[in-house]
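No value in this document is a laboratory result; all are computed from the given coordinates. None of these values were measured; they are calculated from a predicted model. Here the Cβ positions follow ideal geometry from the backbone for every residue, glycine too, while neighbour counts run over all protein chains shown.
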Amino acid sequence: MAIFELEIGDADVQRVFDAVCGNCRRQPLVPNPDYHGFPVDENGDPIPEAIENPETQGQFTHRKVREFLSDHVISWETKQAKIAAVSSIDTSVVVNDPNSE
């Protein structure tokens with residue numbers, strides 16, 4: 001398997017993460033899977049409705065880049081398959097008016 005790498009300057013890493021996370025709407029808080037409509041657990045300890053997103057900005061950015069590349073391959077190959085399929089079809093048709101001379 002090939003490895004595709006990018007190098008981002010140290011001073012720009014956080015900017016890239018912020019940009020991708022902002023543009024792709026990464027949420028800093030996500031629903032708490034342990035919250036079931038009750039604000040406290042059986043011991044009376046608070047259960048927040050939302051927790052800090054367990055997917056880091058870096059993980060999110062890597063996932064979005066992989067999705068971007070995958071989506072583009074799917075789009076391109078689908079377009080090429082449609083072009084190939086249409087080019088191999090005989091679309092000519094003969095339509096005559098039997099009442100004309």
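Going by neighbour counts of Cβ atoms within 10 Å, the residues SER87, SER70 line up, fewest first, as SER87, SER70. Charge dipole of segment 24-71 (Cα centre as origin; +1 on each Lys and Arg Cβ, -1 on each Asp and Glu Cβ, all else neutral): 500 debye, rounded to the nearest 20. Here the alpha carbons of segment 24-71 define both size measures, Rg and Dmax, at 15.2, 47 Å. FRET efficiency for the HIS36 to THR56 pair, using the beta carbon distance and R₀ = 35 Å, is estimated at 0.85. Relative to the first principal axis of the alpha-carbon coordinates of the chain, what is the inclination of helix 57-87, with its axis defined by its Cα atoms, in degrees from 0 to 90 and to the nearest 10? Result, in degrees: 10. Seen against the Cα atoms of the chain and their longest principal axis, helix 13-23 is set at about 60 degrees. For P(r) over Cα pairs in 5 Å bins from 0, in percent, the candidate list reads [x] 2, 13, 23, 20, 15, 10, 7, 4, 2, 1, 1, 0, 0; [y] 2, 9, 10, 11, 10, 9, 9, 8, 7, 6, 4, 4, 3, 3, 3, 1, 1, 0, 0; [z] 2, 12, 20, 25, 21, 13, 5, 1; the entry that matches the value derived from this model is [y].
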